[in-house]
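Below: one structure, written as structure tokens.
The values are calculated or read from the model by the stated rules, or taken from the named source; none is laboratory data. If you're wondering where the values come from, they're calculated on a predicted model, not measured in any experiment. Cβ coordinates were reconstructed from backbone atoms using ideal geometry, including for glycine residues, and neighbour counts include every protein chain displayed. In case anyone asks, the SASA skips ligands and DNA or RNA and just uses the protein heavy atoms, side chains included. Shrake-Rupley method; radii C 1.70, N 1.55, O 1.52, S 1.80 Å.
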Amino acid sequence: VTAAPTVAVLGGGQLGRMLALAGIPFGLRFRFLDPSPDAPARDVGTLLVGELGAPDALDDVARGAIAVTYEWEGVPAEAARALGPLVAPSWRALEAAQDRLVEKQLLASLGVPTARFVPVDDDAALHRAVDDLGFPCVVKTRRGGYDGKGQRVLREAGDVAGAFAAVGAVPAIVEEWIPFDRELSIIAARGRDGTVVCWPLVENDHRDGILRTSLAPALRTDAGVEAEAHAIVKRLLAKLDYVGVLTVELFDVGGRLLANELAPRVHNSGHWTIEGARTSQFENHVRAVVGWPLGPVDAIGHSAMVNCIGALPDPEVVLALDGVHLHRYGKELRPGRKVGHLTVVGADAGERDARLQALRALLPADRG
Ligand code: ATP
Ligand code: MG
């Protein structure tokens, strides 16, 4: 008996779950490593419970796999490196994405504009950085932040004292606050043969540092902005000799793009691609890491993705609407936690917006 080809995934969250949901039709099996026995991926593959930096656990999950990938960028880059060349995207991408200073320096080295920033290792340095950058600005820990955690916005002189302690007194950066017109993300995939595909630009709405809604394709985007986004992500893909899906979060300031951060993985702002694009980010990530050809990424109509934060809608109610798709991650409901999402697809932006409005009227309030 030949064992089914297995893809190993470091992390077993909703992103891993959706990777498996995309890869199972290819006849692949999935094996996950996650510290929690309740991780959302438990339903769609074999879940090994263990720490993502533990060498033994990593060897166990990777054993015999045809590809090893990750869905959580907190996996220690060194641990990924030790697993060898089967790991995609490469540990270099992890290393860049998990330290905001290294990430910003990488972007700068490629000529990609970002917000001005200053690294700070203590309270005195933070005060000097704020003097230099002015208000408002934002302190972000170099490592470990997500969904706006590990960040503090400084609006006036009174906010500075205690800010270093408030983010945990760990190495950080201070960044100028960007009065952006909107937030965008560009998601691209690169295959093992170097082929690159870019999904349409996505427009993202965050509240309290958490993504709430994505619209795709982004509204009113001129060709120059789209081309600039493609140029940015392609420079990164080439530099990192990247395999898999890469996301770049962008600020649009009057048609000029600044890179905010990278995610070396499938991304929340790409969930709409499951129903809204010819090939989803999850499917193309699987194809890329396994070494198969990538699928076309054109949008099918216009989509909106709405995150379910801390609360879920009643399927009986939302599934009665035309063009609405529900994804529940199997997570315990907690305030501020992403527990599912809804995607609304319409033939054009008008139909999508009408459907989105009908959906919103039925949704429970976010608890987050
Ligand atoms: P995630 O991992 O969920 O994307 P994160 O915790 O890594 O988030 P960022 O992406 O750096 O954090 O910030 C979260 C949000 O806060 C941004 O999407 C943006 O809305 C806002 N924000 C962050 N930095 C700035 C800035 N310099 N100027 C203006 N807004 C900012
Ligand atoms: Mg972000």
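Of the listed residues 353, 121, the order by accessible area with a 1.4 Å probe, largest first, is 121, 353.
Free of any GluC sites (Glu not before Pro) that DSSP assigns to a loop and that have at most 10 other C-beta atoms within 10 Å, the longest stretch within the chain is 157-331. Summed over qualifying helices (DSSP H, 4 residues or more, each -39500 (n - 2.57)) and divided by its residue number, the chain shows a 222 nm mean residue ellipticity of -7500 deg cm²/dmol. With the Kirkwood sum run over all distinct C-alpha pairs, segment 145-233 has a hydrodynamic radius of 16.0 Å.
For segment 167-212, averaging the sequence separation of C-alpha pairs within contact (under 8 Å, six or more residues apart) and dividing by the residue count gives a relative contact order of 29 percent. Under the criterion of Cα pairs below 8 Å and six or more residues apart, the relative contact order for the chain equals 14 percent. The figure for residue 66 is an accessible area of roughly 70 square angstrom, using a 1.4 Å probe on the protein chains alone. When DSSP beta bridges are restricted to pairs lying wholly in the chain, around 80% turn out antiparallel.
The orientation-averaged projected area of the convex hull spanned by the Cα atoms of segment 1-118 comes to 8.8 nm².
Once neighbouring chains are kept in place and the probe is 1.4 Å, which whole percent of the accessible area of segment 231-368 is contributed by carbon and sulfur? Exposed carbon and sulfur together represent 49 percent of the surface. Solvent exposure of residue 312, expressed as accessible area, is near 50 Å², computed with a probe of 1.4 Å over the protein chains only.
Taking a straight Cα-Cα cut-off under 23 Å and skipping sequence neighbours fewer than 8 places away in the same chain, the lysines within cross-link reach of residue 234 are 104. Within straight-line reach of residue 331, meaning a Cα separation under 21 Å, sit the following lysines at least 8 residues removed in sequence or on another chain: 149.
Using a probe of 1.4 Å on the protein chains alone, the accessible area found for residue 345 is around 20 Å². Largest accessible area first, the listed residues 117, 135 line up as 135, 117 when surface is computed with a 1.4 Å probe on the assembled protein chains. Dipole of the chain computed with +1 at Lys/Arg Cβ and -1 at Asp/Glu Cβ about the Cα centre; of 15, 221, 247, farthest Cα towards the positive end is 15. What does the net charge come to around residue 367 if you take all other residues with beta carbon closer than 15 Å to its beta carbon, with K and R at +1 and D and E at -1? Here the charged neighbours net out to +2. Evaluating 6.51 cos²θ - 1.76 cosθ + 1.60 at θ = phi - 60° for every residue in segment 7-16, the Karplus couplings come out as 9, 8, 10, 8, x, x, x, 4, 5, x Hz, glycine and proline recorded as x.
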